[in-house]
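Bear in mind these aren't lab numbers, they're just calculated from the coordinates by the rules spelled out. Here the structure is a predicted model, which means the values were calculated and not measured. Note that we place each Cβ from the backbone using ideal geometry, even for glycine, and neighbour counts take in every protein chain shown.
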Amino acid sequence: ADKPPFTDKHLRTLSHAYQKAPFFDAVWPFVEAFYEMSDPSIANRNIGFIVTVAEALELPTHFIRSSVLAPDSHATAMLVDLVKAVDGHTYLCGGGADGYQDDTAFAHAGLHLAYQQYQHPTYPQLGPIDQGFVPGLSILDALMNCGFEGTRRLIDGTVTP
């Protein structure tokens, strides 16, 4: 299949932004591989990239697509059904979920609802020194600046650069 038309522009933009990053040479092949995937589905491409990065970081993960579980529900009921489908006991949601889901539905289903209280770790980043740390960027930023081992330590919480 042909590459999507944005591929070369994205690669040039990312290369320009990160070419001076300390781990550019180690991470760049993963970036190129993402853009070389032939699957036209952005969902499949993203999942492929996430799985590849998780493996490279040696994260103990097991991925299940919600579409495989085929829930026959919507909104909060679907979230409850997904947790039950994998024999889960807790639904972990981001802080932004407050206000759009029905929190009581989890309790009624016998499930624990936990809101993530994420504290973004800081690490050295490229950019103007007066800019300070910019949180919430892609995993690519951490990988380019910290490498695979350093990013794994950030995830594990075993290092504060």
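Using alpha carbons only, how many degrees (0 to 90, rounded to 10) separate the axis of helix 139-156 from the longest principal axis of the chain? Between helix and principal axis, roughly 50 degrees.
Between Y91 and H112, L113, A114, the built amide H atoms are under 5 Å apart, and every one of these is 5 or more places off in sequence or on another chain. Database remark: amide H of D102 closer than 5 angstrom to the amide H of T76 (H placed geometrically; neighbours at sequence offset of 5 or more, or on other chains; Pro and chain starts carry no H).
Projected label points at F30 and E55, each 7 Å from Cα along the beta carbon direction, are separated by 1.3 nanometres.
Look at the alpha carbon pairs under 8 Å that are at least 6 residues apart: their mean separation over the length of the stretch 33-123 gives a relative contact order of 19 percent. The label point for S41 and the one for L82, both projected 7 Å from the Cα toward the Cβ, are 1.5 nm apart.
Legend: Rg and Dmax of the stretch 66-115, from Cα coordinates, 10.3, 28 Å. Per residue, the chain reaches -15000 deg cm²/dmol at 222 nm when only DSSP H runs of four or more residues are counted, each adding -39500 (n - 2.57). Couplings 3J(HN,Hα) for the stretch 123-135, derived from phi with the Karplus relation 6.51 cos²θ - 1.76 cosθ + 1.60 (θ = phi - 60°), are 7, x, 10, 6, x, x, 4, 7, 6, x, 6, 9, x Hz, where x marks Gly and Pro. The percentage of C-alpha pairs in the chain whose separation is greater than 27 Å is 41%. In loop segments of the stretch 1-30 as defined by DSSP, the trypsin sites (Lys or Arg not before Pro) with at most 12 further C-beta atoms inside 10 Å of their C-beta are K20. Among the trypsin sites (Lys or Arg not before Pro) within the stretch 42-88, those in coil by DSSP and having at most 16 neighbouring Cβ atoms inside 10 Å are R65.
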